[in-house]
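Enquirer: Okay, here's the structure, questions in a sec.
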Amino acid sequence: MGKFCEVCHKGVTSGNNVSHSNRKTRRTWAPNTQRVHVIVNGVPKRMFVCTRCLRSGKVQRAV
């Protein structure tokens, strides 16, 4: 899975895992990206696109 969306440039964010005893360790959150065929400038192309961009219609999928 890709680490960032090629449409909205949403990327990995970081933060802490916090246990029940309040100990903190570093962790990352990656966006839910899918490798899909999309149409860019009339040409089909494979890109990593986050599911938010797919759902909101920011890209047109190639059939």
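The values are calculated or read from the model by the stated rules, or taken from the named source; none is laboratory data. Because the structure is predicted, anything quoted here is derived from the model rather than measured. Note that each Cβ is placed from the backbone with ideal geometry, even for glycine, and that neighbours are counted across all protein chains shown. SASA here: full protein model, heavy atoms, side chains in, ligands and nucleic acids out. Shrake-Rupley method; radii C 1.70, N 1.55, O 1.52, S 1.80 Å.
Enquirer: Please compute the length gained on full extension between residue 58 and residue 14, using 0.36 nm multiplied by the number of residues separating them and subtracting their Cα-Cα distance. List each step's numbers first, then the result.
Expert: Working: separation 44, 0.36 × 44 = 15.84 nm, distance 2.57 nm.
Result: 13.3 nm gained on full extension.
Enquirer: Follow-up. Output the lone cysteines of the chain: those with no second cysteine's C-beta under 4.7 Å from their C-beta.
Expert: 8, 53
Enquirer: By how many nm would the segment from residue 41 to residue 22 lengthen if fully extended, with 0.36 nm per residue of separation less the alpha-carbon distance?
Expert: Difference between extended and current length: 1.8 nm.
Enquirer: When the accessible area of the chain is split by element with a 1.4 Å probe, what percent falls to carbon and sulfur? Working shown, then result.
Expert: Details: 2460 of 4990 Å².
The value for the chain is 49 percent carbon and sulfur by accessible area.
Enquirer: Ignoring ligands, DNA and RNA, what accessible area per residue does the chain give at 1.4 Å, in Å²?
Expert: Each residue of the chain exposes 79 Å² on average to a 1.4 Å probe.
Enquirer: Let me ask something additional. Note down the magnitude of the dipole of the chain about its Cα centre, charges +1 on Lys and Arg C-beta and -1 on Asp and Glu C-beta and zero elsewhere, to the nearest 20 debye.
Expert: Using only the charged Cβ atoms, the result is roughly 180 debye.
Enquirer: Could you list which residues have their amide H under 5 Å from that of residue 34, counting only those 5 or more apart in sequence or on another chain, with H placed in the peptide plane?
Expert: 49, 50, 51
Enquirer: Among the trypsin sites (Lys or Arg not before Pro) within the chain, which fall in a DSSP loop and have no more than 14 other Cβ atoms within 10 Å of their own Cβ?
Expert: 3, 23, 58
Enquirer: Can you give the helix-only mean residue ellipticity at 222 nm for the chain, where every DSSP H stretch with n ≥ 4 adds -39500 (n - 2.57) and the sum goes over all residues, rounded to the nearest 500 deg cm²/dmol?
Expert: Theoretical 222 nm ellipticity from helices: -2000 deg cm²/dmol.
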